[in-house]
Structure formats: structure tokens, C-alpha cells
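Data block below; observations after.
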Amino acid sequence: MNGSPVLSVRDLAVTLPGRNGPVHAVRGLSFDVGPGEALAVVGESGAGKSVTARTVLGMAPFGARISGSATVGGQEVVGASAAGLRALRGRRATLIPQDALAVLSPVHTVGAQIAAALRSVRRTGRAQARREAVAALGRVGIPDPERAARRYPHEFSGGMRQRAVIAMATAGEPDLVFADEPTTALDPVTREHVLDLLQEMRERTGAALVLITHDPAGAGARTDRMLVMYAGRHVESGPSAEVLGAPRAPYTAGLLASLPERAPSATGPLPVIPGAPPVPGRPPAGCAFEPRCPLASDPCRSDPPDPAPVPGARDRLVSCHRRADVPEPPSALFADAAPGREPAGA
Amino acid sequence: MPPMPTHPAPLLEARGITVRRPGRGRRAAPVTAVDGCSFTVRAGETLALVGASGSGKSSTAEAVLMLRRPDSGSVLFEGRDITDLSAEGMRALRPAMQPVFQDPFGALSPRMRVRDAIAEPIKVHKRWDPETGPDEVDSLLGRVGLAPELGGALPSDLSGGQCQRVGIARALALRPRLLVLDEPVSALDPSVRAGVVNLLTRLQEEQGLGYLFISHDFALVRRIAHRVAVLDAGRIVEEGPTAEVCRDPGHYRTRELLAASGLLAQRAGTAGAADAAGAADGALRGAR
Ligand code: SF4
């Protein structure tokens, strides 16, 4: 990593009020994002990835109890005042929603909407905000931004609308951008397009990117590093290509093997991780993946594993008591999901 | 994927179906969502309809299920034209062709326990026998890989994958011959998605069901479908055996979709507009 991190998360824990008692959404999470770096945060529903992003942006759900530390550009977010958080959002760190139609208003011009977004994050005169909105449209590669600013969202193509949303979110020239992928899969062509636009945005502005996703494929090729989460905890992190190419935690191995485009064999049943993710609010005492893990042994049941370096690999951490016993290839752990043995209830 | 059946009669046949929808905005002209599509699905066979959002996939599904009557063209089920069937005739036919939708939670009533949710379609179609019904529900639970204890659970107690299994059990309860699966796994987390995919394959093998499988994901389709039809702007732009289409895609839309699913290493098609260029570049970089 070059320079001091734009985002530094230390031992972050977020507990949310739930219908059946408190939900431990994030537990003891630490990671850094360097200037201009792209990090993919990969996890399934309930992994805590979106809660992490929202907490760091000062947008934690109502009633959340937060401990630990998260600093953006050196400024502490945990415990910061509402005014402090407002100053941070949009200027230093911002969130790009991925559903362009849901965030653009149909009754205002694109330029007016970006100018309004700008004025909400800093004191700027109307004319100045207007000029900056045009510049922001230009930065995301919209041709003739002067004219585009005077148009309405419905006059834009789908791709242009996505660019406009990115322009709106990055108008304040933040150092750190979060992009949260919707849970329901976007169609792959649209998804590729959004990922391309984010990449372009990064190249133009030098902003760091945190891409929150439930699908590691595709995200990995566009990010420098990857953090895999499960049940609110760190599972594995490191350079994206290495995590995807040689996963070292049983969960990552199973997740990757179950993707149809990566399955070891082209026919026959897909490898399956047996069982289902833990019920939020009732995390097991030990490793959260223990009930589903083919390598689980005694220590896994009592102690949650902490992140530890992988011998011989730079910048890689794995949270697993048995990281030394993961076979080669790791997908072999889940390869024997024959039809008769299809795990119930997954 | 079960082996392709040799020559059974077509279960479902769409002949030049067209569906128009009102356009967006007050004075907008109607949009042709499905534009003269023809295809067949045989027993024991999966035909995948693949396309990007807005290509007309879901409108096609609605049309073959007669949830929305096509504006022109006809739909045949087991050789019989059902396009102009009366409401009563359609009700009699419904059990044979069952839908499974994308949103597994939305399809279930939040207050209904799993066991009742599976019994419901049987009761609605007046096929419920108090003697054998409960056993039937148990056997359906088993067939979709749900533990019997889950019969008493509410949807809020279930994971997405478990909910979708309940959805599939409900569809199977009426002993259908055709399932119309509209993005059945795209709302599921990857680690549970594979299990549901395997379940669908196994059920087809065991029961010779015909599947019309709607998807935007070629990686999945490649594993599950015998044949594939690629939709673009309401038209079928390419059709053929899945393996062949994946190996040698003829249309740029097919290449674009293959590339986006990480199945094509080359640059996809010749790109004109900036957007298309972006997508094609993505294909290149996204290749794994
Ligand atoms: S700590 Fe134990 S249960 Fe958890 S992933 Fe490692 S081997 Fe499996």
C-alpha cells in the first residue's frame, strides 16, 4: 500500500436491534484501503458487508451499537457528531447506488440534480455548482456535458444514466467511493458495464473504491484486493487474483467452487456447501462456518478463528484454525456433492 | 443435465407470439415486449430463454402461462391450442404448467407455515384428500430436500434457498408436466444457488419434467439447459443446442451475454456506441 490508508477499520463491531434480540451484524472486523486502491468486499446475505459500508459512511441503521474504530482520511467516524459525518459524506467518502432509475428524479434536469447534490455537501453558489456539475459529467465521459446537463434522465440511454449517477455521487471529488451491488443479481451485461464505469471513474479521479458484492466472480478481476466475510467476520483477504486463484479458507473454497462458471467439471451436480448460513442474532460460539465446514474440528466449536498471515504469501490473512490442512485444490473439500448426498435445507 | 430425450411430442409450443405493453409516459406508443417468438419445449427437456433485462423474457413467460394473453400468435400445450381457452378451461389446465418465480419470499404468504403453503395449491384445485394429503406434503418436502421439521416453519424462519425449495414444492404439488422457471435462482446467494440448481436437475431426471428456464446467466444456462434461445428486444436472435451456441455464438448479443458471464475470452462483436464499447471492454477484462 502506498501512503497512509484512506480508510482504516479496526476491530469494528456493529450490533443491530432485531425482532428476536440483538443481531451481531459485524464482529471484530479490521481492514485498510490504500489511496486509489480497489477492494472487493465479498459476502452473502447476512455477512455484514453492507452494514460495514453504511457504518463507515456514518449511515448505520437506527439503533445500531458501534464499537471499535473506522477512520476516513484520518478522521474518526465511530462516535462522530452528525455534523462531522455530514462533512465527511460526499466530500471524503460517498456511496454509489447501483439502481440508476431509483436515484434520479424524472422531473429535474440531470445538471440540476448534480448541482443540488453538490450544494448538499458543501457551500457553493448556484452558478458555481452548475459549472461543477457540467465538469462532473465531463469527468465520467459524457460527451457534450454542457448540453447533457440541461437534459432529463429519460432522454439518456441506460448507460448514460449510470454515468450520470456516478457523476452525481462523485461530484464532490471524494477520496473513497463505496459501490453497493443490489442483492438480486443485475443482469451480467449491465453489471459488467457498471464495473467498467467504476473502473473508468477510478482512473480519472484516483479515488479508492470499495465494491460490496455477493458474487466474487467478475468483481475480482476489477479489484486489487478482496475481503471475504461470513456472518459478520473476516474469513480471508489478500490480492484478488490470489484469493480467487488459491482460496485458503474452506468457506471461500466452497463459495468459488459452487459458481457455475468456475465449477471444476462442466457436467454433473455443482459442488454445494451443505446447510445454510447461521441465523442472524444467534452466532455460534466458535467459527460461524463450523456447522457447514468439512474440516471442522474441536477448536472450531469453541473459539472463533482470528485472522492470521498465510506463510509465504504477502498481504494475505486467513481466519481458520485449520488453514494449514486445506487440501489442494481447495475445491476438493466440496467436490463429493453427489445427487444422493445433496445436503438438505440449503 | 439429464440426457436429451429422443423424440417425445412437444409439451409446449409457442407460435409467433407477440405481446405489447403500454409505453412509459402518458402519450408514449405501446412497446412490443415480445415480437413474434416461436419455440418448443419437450418433456424432459430444458429450453433456456436468455437475454438482458428488458429483452422480453418475463413477458414471454407470462404469455405462455396465459397470465397475459398474447396480442397475436398462439400457444399450444401438448398439441392443444390454449390461446383462446375459457377461464374455466385454463383453470383445469393450470396444474399441468406451473410457474416458479424469482423472489422466493414474495411468493409465500408470511403467516402461512411451510406445510400449509405446500398444501394450499392442492386444496385450491380441490385435490386435497384428508387421508393421504399430509403424507403427500411430507413426501414433497423430502423431494425438494427440506427436513420434515421445517414443515412447521414460517417463511421468516427460512433462508432464501429454503424458501425457493418451498416454492418448487408448491409447484410440484399439482404434478405438473411443465415448469416455467423465471430467474428461479438469481435472487439466491451463490452458496445456496448451486443446491437449488442441482435439485432442479434431479427433479427433471426423476420425473421427465419440461422446463422453460428464463435467465440472464449463461454460466448457469450452460449447465442446466439442453437448448437455448437468445432474446433481444423481444425477438429470438439465436437458437440452438446449448453446447453449440456457447462454442460458436452467431449473434453479437449472444457473445455479449457469454462474455459477461465469463465464458468468452475474445472481444465481443464490433462495438458501435460508447455503451456497447464499454460492455465489450468489460468482456475482455472480465474474462477469467
Ligand atoms: S475454523 Fe474450523 S470450522 Fe471454521 S473454517 Fe476453519 S476448519 Fe472450518
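Structure values in brief
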item: One residue from A:223, A:252 being buried (at least 24 other Cβ atoms within 10 Å of the Cβ), more than 22 Å from residue A:34 (Cα to Cα) and of a type in the set (Val, Ile, Thr); result: A:252
item: The one condition in (1) touching a residue at least 40 places away in the same chain (Cβ under 8 Å); (2) away from chain A (no Cβ under 14 Å); (3) of a type in the set (Ser, Thr, Tyr) that residue B:55 fails to fulfil; result: (2)
item: Test: residue in segment A:104-117 that is within 30 Å of residue B:193 (Cα to Cα) and open to solvent by less than 30 Å² (accessible area, probe 1.4 Å); result: no
item: Given (1) more than 16 Å from the ligand (Cβ to nearest atom); (2) modelled with pLDDT of 95 or more; (3) of a type in the set (A, V, I, L, M), index of the condition residue A:263 fails; result: (2)
item: Residues that are open to solvent by 10 Å² or more (accessible area, probe 1.4 Å), more than 25 Å from residue B:173 (Cα to Cα) and either more than 11 Å from chain A (Cβ to nearest Cβ) or not charged (D, E, K, R) (or both), drawn from segment B:202-219; result: B:216
item: Hits in segment A:232-243 - residues which are within 16 Å of the chain's Cα centre (by Cα) and open to solvent by 20 Å² or more (accessible area, probe 1.4 Å); result: A:233, A:239
item: Within segment A:230-255, tally of residues that are within 14 Å of the ligand (Cβ to nearest atom), among the aliphatic types (A, V, I, L, M) and under 29 Å from residue B:224 (Cβ atoms); result: 4
item: Test: residue in segment A:207-215 that is in contact with a strand residue (DSSP E or B) (Cβ under 9 Å, 6 or more places away or on another chain), within 16 Å of the ligand (Cβ to nearest atom), open to solvent by less than 30 Å² (accessible area, probe 1.4 Å) and touching a residue at least 60 places away in the same chain (Cβ under 8 Å); result: no
item: Long-range neighbours under 6 Å by Cβ, at least six apart or interchain, first residue open to solvent by 30 Å² or more (accessible area, probe 1.4 Å) within segment A:289-316, second within 8 Å of the ligand (Cβ to nearest atom) and of a type in the set (A, V, I, L, M, F, W, C); result: A:290/A:296; A:290/A:300; A:304/A:287
item: Residue within segment B:100-120 that is within 14 Å of chain A (Cβ to nearest Cβ) and more than 18 Å from the chain's Cα centre (by Cα) present; result: yes
item: Test for residue B:187: is it closer than 24 Å to residue A:45 by Cα, under 15 Å from the mean Cα position of the chain (by Cα), among the small types (Gly, Ala, Ser) and within 8 Å of chain A (Cβ to nearest Cβ); result: yes
item: Which listed residue, of B:42, B:68, B:94, is under 21 Å from the mean Cα position of the chain (by Cα), open to solvent by 60 Å² or more (accessible area, probe 1.4 Å) and under 30 Å from residue B:243 (Cα atoms); result: B:42
item: Leading residue by the ranking (modelled with the lowest pLDDT) among those in segment A:122-141 that are away from chain B (no Cβ under 11 Å) and outside any helix (DSSP H, G or I); result: A:122
item: Where residue B:199 falls short, out of the listed (1) open to solvent by less than 10 Å² (accessible area, probe 1.4 Å); (2) at positive phi; result: (2)
item: Residue, farthest from the other protein chains (Cβ to nearest Cβ), within segment A:286-313, restricted to residues that are part of a loop (DSSP other than H, G, I, E, B), more than 8 Å from the ligand (Cβ to nearest atom) and under 22 Å from the mean Cα position of the chain (by Cα); result: A:306
item: Condition met for residue A:144 (acidic (Asp, Glu) and facing chain B (nearest Cβ under 9 Å)); result: no
item: Boolean, residue B:185 is in a loop (DSSP other than H, G, I, E, B), crowded, with 24+ Cβ neighbours inside 10 Å and touching a Leu at 6+ places or on another chain (Cβ under 9 Å); result: yes
item: Residues of segment B:151-179 that turn out to be open to solvent by 10 Å² or more (accessible area, probe 1.4 Å), among the small types (Gly, Ala, Ser) and assigned to a helix (DSSP H, G or I), as a count; result: 4
item: Matching residues in segment B:71-91 - criterion: being loosely packed, with under 13 Cβ neighbours inside 10 Å, charged (D, E, K, R) and within 22 Å of the chain's Cα centre (by Cα); result: B:80, B:81, B:91
item: Test result for residue A:151, modelled with pLDDT under 90 and surrounded by fewer than 22 Cβ atoms within 10 Å (Cβ to Cβ); result: no
item: Criterion: over 19 Å from residue A:173 (Cα atoms) and open to solvent by 40 Å² or more (accessible area, probe 1.4 Å) - qualifying residue of A:46, A:21, A:73; result: A:46
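For every residue, the table says whether it meets (1) of a type in the set (S, T, N, Q); (2) within 20 Å of residue A:319 (Cβ to Cβ); (3) touching a residue at least 12 places away in the same chain (Cβ under 8 Å).
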| position | (1), (2), (3) |
| --- | --- |
| A:5 | no, no, yes |
| A:32 | no, yes, yes |
| A:36 | no, no, yes |
| A:41 | no, yes, yes |
| A:52 | yes, yes, yes |
| A:59 | no, no, yes |
| A:78 | no, no, yes |
| A:89 | no, no, yes |
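The values are calculated or read from the model by the stated rules, or taken from the named source; none is laboratory data. Given the structure is predicted, the values throughout are model-derived calculations rather than measurements. Counting neighbours? That spans all protein chains shown, and the Cβs are built from the backbone with ideal geometry, glycine included. These accessible areas exclude ligands, DNA and RNA; they are computed on the full protein's heavy atoms, side chains included. Shrake-Rupley method; radii C 1.70, N 1.55, O 1.52, S 1.80 Å.
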